[in-house]
Amino acid sequence: MYLAKKYECNVTGITISPVQVEMATEASTKLDIKNKPQFKVMDANDITLNEKYDIIWSVEMISHLNNRKNLFKRASELLKPGGRMCITDWLADDNLDKASKLKYIEPIEKGMLVSLPTLTEYKKHIDNNGLRLVYYEDISDRVSKTWDITSESIKNKALWSLAREHSKEFIEFLQSFKAMRNGFKSGAFRYPAMVLEKK
């Protein structure tokens, strides 16, 4: 909605959550603009869009996918020549030994239901799909503050009671807040912003 309003973009948003689509669609009806954004329920593991785009923007989603190879293939197909893919997401450091992976990465993956890629994996997908990396910045220092704030929120006993009533996964999710914080502090866990361009 911000992109559509501020930059007059034609925007299509996808999410696996029908609830998010419903909320976003309702909120966008209040926008006083000509080209309101569209929202679709769609799995990013299997994107079925056919339009061509100037920009594809992915925020904290790729580490949740089990078919990252296909995502980069589809992104390249959907981009116009010279189009760009902007990504912010979670990465595991490339040079971790087994003990560091076990200590810092596996608790994050278990609690956040992710499989953390590395920059090396990204570069492989980029090279194999006619893309090139034109911008990379590690913004971990700025993003890690989120987990200092959330660490305070999980001191609430009512939250843990709610988690125990619902599922083991909910409890593991709350436990992973500390793992996120530790991962950032150790440097094993990174948060980059990157821009890819279709050749």
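Considered as a group, the residues in region 1-29 that are of a type outside the set (A, V, I, L, M) and in a loop (DSSP other than H, G, I, E, B) include one that is nearest to residue 64 (Cα to Cα), and that residue is 17.
Considering 89, 54, the condition of being among the acidic types (Asp, Glu), modelled with pLDDT of 95 or more and open to solvent by less than 50 Å² (accessible area, probe 1.4 Å) is satisfied by 89 alone.
Of the helices (runs of 4 or more DSSP H) entirely within region 122-187, those holding at least 3 residues that are in contact (Cβ under 8 Å) with a residue 40 or more places away in the chain, out of contact with any strand residue (DSSP E or B) (no Cβ under 7 Å at 6 or more places or on another chain) and surrounded by 16 or more Cβ atoms within 10 Å (Cβ to Cβ) occupy 168-186. Residues in region 44-74 that are of a type in the set (A, V, I, L, M) and part of a loop (DSSP other than H, G, I, E, B) were compared, and the one that is farthest from residue 112 (Cα to Cα) is 49. Mind counting the residues in region 61-83 that are under 20 Å from residue 38 (Cα atoms) and charged (D, E, K, R)? Residues flagged as under 20 Å from residue 38 (Cα atoms) and charged (D, E, K, R) within region 61-83 amount to 2. For region 58-86, which positions are polar (S, T, N, Q) and open to solvent by 80 Å² or more (accessible area, probe 1.4 Å)? Result: 66, single match. In region 30-43, the qualifying residues are those that are closer than 22 Å to residue 16 by Cβ and not in a strand (DSSP E or B), and the one that is most open to solvent (accessible area, probe 1.4 Å) is 36.
Is it the case, given these coordinates, that residue 159 is aliphatic (A, V, I, L, M) and at pLDDT below 95? In short, yes.
The values are calculated or read from the model by the stated rules, or taken from the named source; none is laboratory data. What you are looking at is a predicted structure, and each value in this text was computed from that prediction instead of being measured. Glycine gets a Cβ as well: all are built from the backbone with ideal geometry, and neighbour counts include every protein chain shown. Just the protein is used for accessible areas: all its heavy atoms, side chains included, with ligands, DNA and RNA removed. Shrake-Rupley method; radii C 1.70, N 1.55, O 1.52, S 1.80 Å.
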